[in-house]
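The values are calculated or read from the model by the stated rules, or taken from the named source; none is laboratory data. Everything numeric in this text was worked out from a predicted model, so none of it was measured. Backbone-built Cβ (ideal geometry, glycine too); neighbour counts: all protein chains shown.
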Ligand SMILES: [Zn+2]
């Protein structure tokens, strides 16, 4: 399937309700042509702010826009990145510590017709990540983030794992049911497919 590998110059769009966002993302080893082209597309998508239901996207993970071989990077809105003195593209991010769990309502561009999911996030997280430096990946950087930007990182890193907020919501609901009533029937872990789901 050699031709399937070449999506460098293909127009990308946000995959909605698609099972392909459940693929785990692979580590970025070098910032190659495919990544650079996809960053241009992803940056453009965010700048247009034209997503289903008129929702604004703060960031997009690579797995949300490609058909195959998703990589561990996400692109943020430029103004958000500037506000937190970060580059707009973050590579190979992973959470190394977290504290202060809280419940929050969240949305995802890949599920534009779903309501907000009530999930657990952490107010403070320590993240290890890489950025671009003269066309190459920097050495790993470790930093604590809080509140909004911490929430954004948690959302995107969750996508790297092939996970999403609606799966998390179902898992947490399931756990609560188990704690409250041990005999409750097991809820399905998968998001039910909608008849009007949009796919590319
Ligand atoms: Zn999302």
Filtering the stretch 151-180 down to residues that are without any contact (Cβ under 8 Å) to a residue 24 or more places away in the chain and more than 11 Å from the ligand (Cβ to nearest atom) yields 170, 171, 173, 174, 175, 176, 177, 178, 179, 180
Quiz item: With respect to residue 99, is the statement that it is at pLDDT 95 or above, under 22 Å from residue 175 (Cα atoms), surrounded by fewer than 18 Cβ atoms within 10 Å (Cβ to Cβ) and more than 15 Å from the chain's Cα centre (by Cα) true?
Solution: yes
Taking residue 43 as the residue in question, decide whether it is part of a strand (DSSP E or B), free of Cβ contacts under 8 Å to residues at least 60 places away in the same chain and away from the ligand (no atom under 16 Å from the Cβ). no
Residues of the stretch 112-123 being more than 19 Å from residue 75 (Cα to Cα) and either touching a strand residue (DSSP E or B) at 6+ places or on another chain (Cβ under 6 Å) or surrounded by 16 or more Cβ atoms within 10 Å (Cβ to Cβ) (or both), in sequence order, are 114, 116, 117, 118, 119, 120, 121, 122, 123
The number of residues in the stretch 108-125 that are within 15 Å of the ligand (Cβ to nearest atom) and over 21 Å from residue 174 (Cβ atoms) is 4
The correct count of residues that are surrounded by 14 or more Cβ atoms within 10 Å (Cβ to Cβ), in contact with a helix residue (DSSP H, G or I) (Cβ under 7 Å, 6 or more places away or on another chain) and not in a helix (DSSP H, G or I) in the stretch 126-184 is 4
Exercise for the section: With respect to residue 9, determine if the residue is closer than 25 Å to residue 134 by Cα, modelled with pLDDT of 95 or more and touching a helix residue (DSSP H, G or I) at 6+ places or on another chain (Cβ under 8 Å). Expected result: no
message: Given the criteria in contact (Cβ under 8 Å) with a residue 12 or more places away in the chain, surrounded by 15 or more Cβ atoms within 10 Å (Cβ to Cβ) and farther than 15 Å from residue 160 by Cβ, does residue 30 qualify?
response: no
In the stretch 48-85, anything away from the ligand (no atom under 13 Å from the Cβ), over 11 Å from residue 38 (Cα atoms), without any contact (Cβ under 8 Å) to a residue 60 or more places away in the chain and in a loop (DSSP other than H, G, I, E, B) is listed as 49, 50, 77, 85
Residue 126 passes all but one of the listed conditions (1) out of contact with any strand residue (DSSP E or B) (no Cβ under 8 Å at 6 or more places or on another chain); (2) free of Cβ contacts under 8 Å to residues at least 60 places away in the same chain; the exception is number (1)
How many residues of the stretch 57-86 are crowded, with 16+ Cβ neighbours inside 10 Å and under 21 Å from residue 31 (Cα atoms)? The answer is 18
